[in-house]
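Some notes on the structure that comes next.
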Amino acid sequence: MSLFIRPRRLPDTTEGGADRDGGPAASEETAGGTPPVVAPPGWFGWRHRWPRTARGVTVGTTVLAGALVLFALLVPNRVERLEVSAFVRLPAEGILLATLLLALPSRWRRIAAVVSGVLLGLLTVLKFVDMGFYQVLARPFDLVLDWILLDDATDFVRESFGRGGQVLAVAGVIALFVALLVLMTLATVRLTGLMVRHRPVAVRTTLVLGVAWITCVTLGVQVTGVPVATKGTAEMLGNRVEQVRAGLRDARVFEKEAAVDAFADTPPDQLFTGLRGKDVLFTFIESYGRVAIDDPAMAGPVDAALKDGTQRLEDAGFASRSGWLESPVTGAGSWLAHSTFLSGLWIKNQQRYRSLTTSDRMTLTKYFRKAGGWRTVGIVPGVRRAWPEGEFFGLDHIYDSEHLGYHGPYFSWTPVPDQFSLEAFERLEHGEADREPIMAEIILASSHNPWSPIARMIDWDDLGDGSVFHGIKKEGTDPKEVWKDPEKVRTEYRRAIEYSLSSLTGWVERYGDENTVLVFLGDHQPVPTVTAGSTSRDVPVTIVAKDPEVLDRVADWNWTDGLKPAPDAPRWAMDEFRDRFMTAYGPRGGGSAAPAP
């Protein structure tokens, strides 16, 4: 029998022969008598010319493939967790994936390797997106509801860094997305091939790692306080599945909540009886959060600005009371906070916002129009294109950035400086002779991220058409430089808040009268770069009036005197304000009921 066994030919390891990496073997003569195969010259023959270099490249590529897969499994989805200890861990998902690939038959193994690579690429992209969302919104990306925010993000980049910056940013994101999918797939396929070629070693290694993982979990082994054994990726994906389910359930929950309105049947003549004849101004100061008042690095200057504003208003005959509201969002999402405050519903995501703005829910602004006796207007300088939702809020007229008469420059994202917006309100509405009382919703956008450059206060008589701000903008800081240093970011944020507060109190001091009732508040806390780890969602809220009866109506709220709320001042959820306000300014001893303060 041995006579019929063909002797095995050992591979030729000399130059021109088959290398151990699978290069072509050049025999002296092929079966058909053709000339021997000669390695091609130039680039395509480099493995034969430099076999040691080729082996180094092969080993290096394999190591990089393994590092890339481990990176996908171990990289956290929050910037602050990017530490060396996060990568010195055993991922259960990697061990299970290796076991699966070794167990599958050849055909299914190749398919599984490609699919696994694509999924790992998508997982890595999701983690990077989460990093951005945590940095801005202090929460992960919502796979169901947050896609619309990506368009807002590109608009923000354009307004902050110009069209060129927007194009570069979008191109970079697309290139990174494609590169991650391709490289992760290639890496997974390469590692799968390596395991198959060295199956016994791969099986033993996988078994050892599995035992090590179980041991580390059982003993609670940690490195610098971080568990060595992890299943973080599986937990993250499990949380996302639950997030999707919760989002689908939330639509039904919100529908039930929106159907309840304590004032739906209140006759128009019983609405806001305590404010008849008054100009009522609801003013939102962008990103004016509790951190501006409580943070030691900002508290001094902001406290001085609030005390100065309180004193100047008192000198002009005004009194004020302040408390805290908990916003449904933090970092961004102003429209969710505005609609929460006005609707009396907790608008915590885009799904709820869409449901609200396509419903017949009555907002504070709508109730003022229903009550009669007020012209309802909106000063919304941050709106630069069609805003169909504006009709939902019940405003008789809306002045966006194109209709305030401003001919000055943008201040990064901010289209119109706050002082000019308030002066435009005076010129267009409040200063009109023989007018009816006004209910206005006013958005002050100068304190919107990125807070650089910032306008400064000038003489009200010098505002003109806003052209004066061209020179003021040149004096400001460059956002690209500011955002390299978190402390500079915090400083510019604080200065922006001071400017917004000065603009508002200056307007009341200059144009307010005995019929002025101002309610102003922050819409949400700023981004985590400014809050420095604070999880609070509190924002200050203040009522200012010259008529003492206006503040007497809310005496039982126990708010703090002045523009600065005390640390222990009452704190309500923002969606509670509408009903409390309407109850306080309805008929004394009557009207619709609302939750007790």
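The values are calculated or read from the model by the stated rules, or taken from the named source; none is laboratory data. What you see is a predicted model, and the numbers here were worked out from it, not measured in a lab. Here the Cβ positions follow ideal geometry from the backbone for every residue, glycine too, while neighbour counts run over all protein chains shown. When the accessible area is computed, the model is the full protein with side chains, heavy atoms only, and any ligands, DNA or RNA have been set aside. Shrake-Rupley method; radii C 1.70, N 1.55, O 1.52, S 1.80 Å.
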Query raised in the report: Got at least one residue in the range 528-547 being under 27 Å from Ala169 (Cα atoms) and in contact with a strand residue (DSSP E or B) (Cβ under 6 Å, 6 or more places away or on another chain)?
Result: yes
Report task. Scan the range 255-273 residue by residue and report those that are β-branched (Val, Ile, Thr) and open to solvent by less than 40 Å² (accessible area, probe 1.4 Å). Result -> Thr266
Query raised in the report: Can you tell me how many residues in the range 72-105 are open to solvent by less than 60 Å² (accessible area, probe 1.4 Å) and of a type in the set (S, T, N, Q)?
Result: 2
Query raised in the report: Conditions: (1) farther than 14 Å from Ile443 by Cα; (2) in contact (Cβ under 8 Å) with a residue 12 or more places away in the chain; (3) touching a helix residue (DSSP H, G or I) at 6+ places or on another chain (Cβ under 6 Å). Lys488 meets all but one. Number of the miss?
Result: (2)
Query raised in the report: Can Leu356 be described as out of contact with any strand residue (DSSP E or B) (no Cβ under 7 Å at 6 or more places or on another chain), surrounded by 21 or more Cβ atoms within 10 Å (Cβ to Cβ) and aliphatic (A, V, I, L, M)?
Result: yes
Report summary line: Among the residues of the range 573-583, the number that are aromatic (Phe, Trp, Tyr) and within 14 Å of Ser536 (Cβ to Cβ) is 0
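Only one of Val208, Val196, Val221 is within 17 Å of Pro91 (Cα to Cα) and at pLDDT 90 or above. Can you tell me which?
On the way: Val196 fails: within 17 Å of Pro91 (Cα to Cα); Val221 fails: at pLDDT 90 or above.
The unique qualifying residue is Val208.
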Report task. Pairs only if they're at least six apart or on different chains, beta carbon under 6 angstrom, first in the range 493-511 and touching a residue at least 40 places away in the same chain (Cβ under 8 Å), second surrounded by fewer than 23 Cβ atoms within 10 Å (Cβ to Cβ) and not in a helix (DSSP H, G or I); list them, first residue then second. Result -> Ser502/Met457; Glu509/Ala316
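One line per residue, one yes/no per condition, for (1) in contact with an Asp or Glu (Cβ under 8 Å, 6 or more places away or on another chain); (2) assigned to a loop (DSSP other than H, G, I, E, B):
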position: Phe420; (1), (2): no, no
position: Arg427; (1), (2): no, no
position: Arg435; (1), (2): yes, yes
position: His448; (1), (2): yes, yes
position: Trp451; (1), (2): yes, yes
position: Ile458; (1), (2): no, yes
position: Asp461; (1), (2): no, no
Query - Residues of the range 326-340 satisfying the condition of being at pLDDT below 95 and in contact with a Lys or Arg (Cβ under 6 Å, 6 or more places away or on another chain) - result: Thr330
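Residues checked against (1) assigned to a strand (DSSP E or B); (2) modelled with pLDDT under 90; (3) over 27 Å from Pro417 (Cα atoms); (4) of a type in the set (Phe, Trp, Tyr):
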residue: Leu313; (1), (2), (3), (4): no, no, no, no
residue: Trp324; (1), (2), (3), (4): yes, no, no, yes
residue: Leu342; (1), (2), (3), (4): no, no, no, no
residue: Lys348; (1), (2), (3), (4): no, no, yes, no
residue: Arg361; (1), (2), (3), (4): no, no, yes, no
residue: Phe368; (1), (2), (3), (4): no, no, yes, yes
residue: Val377; (1), (2), (3), (4): yes, no, no, no
residue: Gly382; (1), (2), (3), (4): no, yes, no, no
residue: Leu395; (1), (2), (3), (4): no, no, no, no
Report summary line: Matching residues in the range 52-74 (over 11 Å from Leu120 (Cβ atoms) and under 27 Å from the mean Cα position of the chain (by Cα)) number 1
Query raised in the report: If you take the residues in the range 389-399 that are in contact (Cβ under 8 Å) with a residue 12 or more places away in the chain and open to solvent by 30 Å² or more (accessible area, probe 1.4 Å), which one is nearest to the chain's Cα centre (by Cα)?
Result: Glu389
Query raised in the report: Only one of (1) part of a loop (DSSP other than H, G, I, E, B); (2) more than 30 Å from Trp374 (Cβ to Cβ) is not met by Thr266, so which one is it?
Result: (2)
Report task. Looking at (1) touching a Gly at 6+ places or on another chain (Cβ under 8 Å); (2) within 30 Å of Val302 (Cβ to Cβ), find the lone condition where His407 falls short. Result -> (2)
Requested in this report: May I ask you to verify whether Pro301 is open to solvent by 40 Å² or more (accessible area, probe 1.4 Å), within 28 Å of the chain's Cα centre (by Cα) and under 26 Å from Leu422 (Cβ atoms)?
Outcome: yes
**Report entry** Single residue of Arg276, Arg252 found to be at pLDDT 95 or above and open to solvent by 10 Å² or more (accessible area, probe 1.4 Å)
**Finding:** Arg276
Query raised in the report: How many of the residues in the range 218-231 are over 31 Å from the mean Cα position of the chain (by Cα) and under 17 Å from Thr99 (Cβ atoms)?
Result: 0
Requested in this report: Any chance you could count how many residues in the range 463-499 are touching a strand residue (DSSP E or B) at 6+ places or on another chain (Cβ under 8 Å), assigned to a helix (DSSP H, G or I) and open to solvent by less than 40 Å² (accessible area, probe 1.4 Å)?
Outcome: 2
Query raised in the report: Taking the range 199-258 on its own, how many of its residues are in contact with a Lys or Arg (Cβ under 8 Å, 6 or more places away or on another chain) and without any contact (Cβ under 8 Å) to a residue 24 or more places away in the chain?
Result: 0
Report summary line: Of the residues in the range 54-105, those that are free of Cβ contacts under 8 Å to residues at least 12 places away in the same chain and either over 30 Å from Val527 (Cβ atoms) or assigned to a strand (DSSP E or B) (or both) number 10
Report task. Go through (1) at pLDDT below 95; (2) part of a helix (DSSP H, G or I); (3) more than 24 Å from Asp152 (Cα to Cα) one by one and return the number of the condition Arg354 breaks. Result -> (3)
**Report entry** Residue count for the range 209-231, restricted to those that are open to solvent by less than 50 Å² (accessible area, probe 1.4 Å), among the hydroxyl-bearing types (Ser, Thr, Tyr) and not in a strand (DSSP E or B)
**Finding:** 0
Report task. Considering every residue within the range 281-294, establish whether at least one is polar (S, T, N, Q), assigned to a loop (DSSP other than H, G, I, E, B) and under 19 Å from Gly373 (Cα atoms). Result -> no
Query raised in the report: On the given criteria, is Glu509 more than 21 Å from Pro328 (Cα to Cα) and surrounded by fewer than 21 Cβ atoms within 10 Å (Cβ to Cβ)?
Result: yes
Query raised in the report: Listed residues Asp142, Asp155; which is at pLDDT below 85, outside any helix (DSSP H, G or I) and open to solvent by less than 60 Å² (accessible area, probe 1.4 Å)?
Result: Asp142
